[in-house]
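K.L.:
Below is a structure I'd like to ask you about.
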């Protein structure tokens, strides 16, 4: 029987990002579902504004947390960096093929960082999270006149003689009708991307959880507890030890 060995893999920044991101995504999903079904739930205009405000503030935490993770991929430890995340590099295709073959044969290879398929999944998730963050910030400006573009949107649609700083959501009497319609046309593609991105993110998140559970059961390596302790406990020499060293 192989001896178990502990490796410190996930630094504090990675662990904090992971759990803050999880809480933010859950909060955004919960509030977003209520907003989408506000009419059926009988939510009044004031309630809808409150829900959107909560959604935006959670979104700010989500975006700031994601931004730090992207920065950390340039300056963090070896397992946090882009070279350990992004798919590709020397012999990557053969590495994927070998990983799948070993997994099917019941002899899964163990990794310190993400396995070859995991790198694809994490890259897709980060890209989708970034898309949701950017489109969400734009919608925050068009809906509630919140930063970073809220003041510009308010200046764009304010009626002549109305101070843009005084604009409030759903107060159409304060808006120039032509400018407001133009702003809504500008907003439309971003809300479409954000809306469908929500469902794609939900699907990827569920697939990610399923993959983690399956990998934990087949490969071992305490993937879940490692996101608390930072340490992976492996029974074999990690397949990616040389690649990330």
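K.L.:
If a residue has to be in a helix (DSSP H, G or I) and buried (at least 20 other Cβ atoms within 10 Å of the Cβ) to count, how many in region 106-127 make the cut?
P.N.:
Result for region 106-127: 2.
For (1) within 28 Å of residue 202 (Cα to Cα); (2) assigned to a helix (DSSP H, G or I), each residue gets a yes or a no:
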position	(1), (2)
70	yes, yes
78	no, no
95	no, yes
130	yes, yes
134	yes, yes
162	no, no
165	no, yes
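K.L.:
Would you mind finding the one in 233, 191 that is part of a helix (DSSP H, G or I), touching a residue at least 40 places away in the same chain (Cβ under 8 Å) and surrounded by 14 or more Cβ atoms within 10 Å (Cβ to Cβ)?
P.N.:
191
K.L.:
While we're here: If a residue must be at pLDDT 95 or above and closer than 23 Å to residue 131 by Cβ, how many such residues does region 42-80 contain?
P.N.:
24
K.L.:
What do you reckon, is residue 112 under 21 Å from the mean Cα position of the chain (by Cα) and modelled with pLDDT under 95?
P.N.:
Against the criterion (under 21 Å from the mean Cα position of the chain (by Cα) and modelled with pLDDT under 95), residue 112 does not qualify.
K.L.:
If we scan region 72-84, do we find a residue that is more than 16 Å from residue 113 (Cα to Cα) and out of contact with any helix residue (DSSP H, G or I) (no Cβ under 9 Å at 6 or more places or on another chain)?
P.N.:
yes
K.L.:
If you don't mind, another one. Got a number for residues in region 214-229 being exposed (fewer than 15 other Cβ atoms within 10 Å of the Cβ) and modelled with pLDDT under 80?
P.N.:
Residues that pass the stated criteria total 3.
K.L.:
Look at residue 138 and say whether it is modelled with pLDDT of 95 or more, more than 20 Å from residue 45 (Cα to Cα) and buried (at least 18 other Cβ atoms within 10 Å of the Cβ).
P.N.:
yes
K.L.:
Of the residues 103, 8, only one is in contact (Cβ under 8 Å) with a residue 40 or more places away in the chain and surrounded by 17 or more Cβ atoms within 10 Å (Cβ to Cβ); which?
P.N.:
After applying the criteria, what remains is 103.
K.L.:
Right, another one. Of the conditions (1) surrounded by 18 or more Cβ atoms within 10 Å (Cβ to Cβ); (2) in contact (Cβ under 8 Å) with a residue 24 or more places away in the chain; (3) farther than 30 Å from residue 237 by Cβ, residue 175 clears all except one; give me its number.
P.N.:
(2)
The values are calculated or read from the model by the stated rules, or taken from the named source; none is laboratory data. As the structure is a computational prediction, the values presented were derived from the model and not from experiment. Neighbour counts run over all protein chains shown; Cβ positions are idealised from the backbone, glycine included.
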